[in-house]
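To start, the structure itself, in structure tokens.
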Amino acid sequence: MSRGADGTADGRGGAALYTLLSVMFINMLGFGVIVPLLPFYGQSFHAPPWAIALVFSAYSVGAFFGEPFWGRLSDRIGRKPILISTTAANCACYLALTFAPNIETAILVRVLGGLFAGNASVVQGYIADVTPAEHRAGRMAMLGAAFNLGFIVGPFVGGVLAKPSAGPIGFQIPLLLAAGLSLSCSAGIALAVPESRARSVAETHGSSRWKMFRIAFAHPVVGRLMALTFAVGFAFSGIESVFALWTHHRFAWEPRDVGLAFGLSGVISSASQFLLTGPLSRRYGEANMLAVGMAGSVVCNALQPFSDGRGYTVALLALMALFTSIAFPNAGALMSRAVHEDHQGQVMGLNNAVAALARITGPLCMGFAFAGVSVNAPFVIGALITAPAIMLALGAGRAAHRQETPFVGGQGTR
């Protein structure tokens with residue numbers, strides 16, 4: 001497949017890349033549609049608070065198992081069939097959630113929804129397949145921008161369409177919309193996305209998931225980047241989960257204030273990923289930009305407890321989004337350089353599973369810290385956990401520079 005000047009594949013390959021970005025946006029739009037509905041959706045079943053919390057976390061539990069499985073399978077049979085089948089199955093999950101008779105069924109459906117929606121590793125593998133190494137950070141950043149835009153627009157759409165006062169039926173329209181969007185993803189992939197790789201004869205199914213985690217963590221590049229992914233994901237998701245409580249406790253913020261702050265941060269994050277990440281990575285190097293981003297995040301977390309509840313607070317939140325957005329796609333780009341082409345999806349899946357685990361544990365631990373230690377404790381913990389990621393980023397860059405043979409699943413090197 002020939003390449004264009006911008007690093008994308010020419011012809012249908014280039015169109016497929018941008019189609020996948022659109023698919024990611026639509027997929028996250030469908031997911032975001034139901035985010036503001038879930039607490040009210042759970043209450044419509046008269047569910048206890050712990051069950052409503054399970055509806056939230058069930059999705060990440062499913063993604064934890066789905067990401068490595070789909071990424072690994074796509075390495076063997078191709079990206080396209082996995083993307084079509086997972087988006088179609090996600091459509092079915094939204095339909096099932098629409099007509100769920102009780103909260104227990106809703107929790108089970110959310111686990112399955114996370115399982116089938118855990119296909120980001122397949123999309124990342126596709127981008128690695130069709131993009132030369134020096135342009136991957138920029139393309140991964142564009143993927144992240146599409147992700148963020150979908151997550152910004154989705155909650156707005158869901159909030160406008162929902163009618164909580166009508167009970168469970170009041171949530172059917174936004175959920176049906178999410179189902180339709182997932183189905184449109186399947187159609188778009190079937191019509192516009194050619195397969196990016198031939199079937200692989202590599203045998204990766206002999207190693208268990210847990211053995212693969214051990215092998216990956218022992219690798220000098222992949223292991224450092226996976227540890228970085230967990231640390232940053234733990235800190236970011238944990239702080240995000242308590243930010244509304246913190247601002248209400250400290251500054252009497254209302255949901256509208258929190259929503260505007262997160263909306264501004266999302267716009268800044270998306271814009272920087274589209275415009276800044278790729279050029280900065282090519283000029284200064286992926287590992288250096290990853291380290292700079294981690295350092296900026298540490299500073300923003302450390303300063304937030306001293307903010308004033310006005311522009312200073314919003315500016316620090318937006319800056320943290322900026323530093324994270326210009327940094328984190330470089331982790332995927334570095335990892336793709338260090339992994340053999342037959343194992344891109346598998347390793348991306350393991351990394352995304354680590355991120356899902358961080359999204360499960362981070363909010364839980366930060367919630368306990370907020371309630372039991374100090375309202376400012378999550379920011380202090382976030383800074384302390386993220387700080388070692390600076391050295392992990394630089395160490396991964398040095399190891400990648402020394403590496404002569406790529407990571408091969410189940411063997412370590414080839």
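Assorted remarks:
- Cα pair distances of the range 361-400 binned at 5 Å [whole percent]: 6, 23, 20, 16, 11, 11, 8, 4, 1
- Distance histogram in 5 Å bins (all Cα pairs of the range 242-301, percent per bin): 4, 15, 16, 21, 17, 11, 9, 6, 1
- Kirkwood Rh in Å, taken over all unlike Cα pairs in the range 1-196: 17.1
- Based on DSSP H segments of at least four residues, each scored -39500 (n - 2.57), the chain has a per-residue ellipticity at 222 nm of -27000 deg cm²/dmol.
- Stokes-Einstein D for the chain, Kirkwood Rh over Cα pairs, 20 °C, 1.002 mPa s (µm²/s): 100
- Summary of packing: across the peptides 236-246, 140-150, the per-residue average of other C-beta atoms within 10 Å ranks them, highest first, as 140-150, 236-246.
- Whole-Å semi-axes of the ellipsoid equivalent to the range 207-414 (Cα gyration tensor, √5λ, descending): 32, 19, 13
- Highest-first packing order for the peptide set 297-308, 268-279, 61-72 is 61-72, 268-279, 297-308, based on the mean count of other beta carbon atoms within 10 Å.
- Mean Cα-pair separation over length for the chain, i.e. relative contact order, pairs under 8 Å, 6 or more apart, %: 27
Computed from the coordinates by the stated procedures, all read-outs in this text should not be read as laboratory data. Keep in mind that this is a model prediction, so the values were computed, not measured. Glycine also receives a Cβ, built like all others from the backbone with ideal geometry; neighbour counts cover every protein chain displayed.
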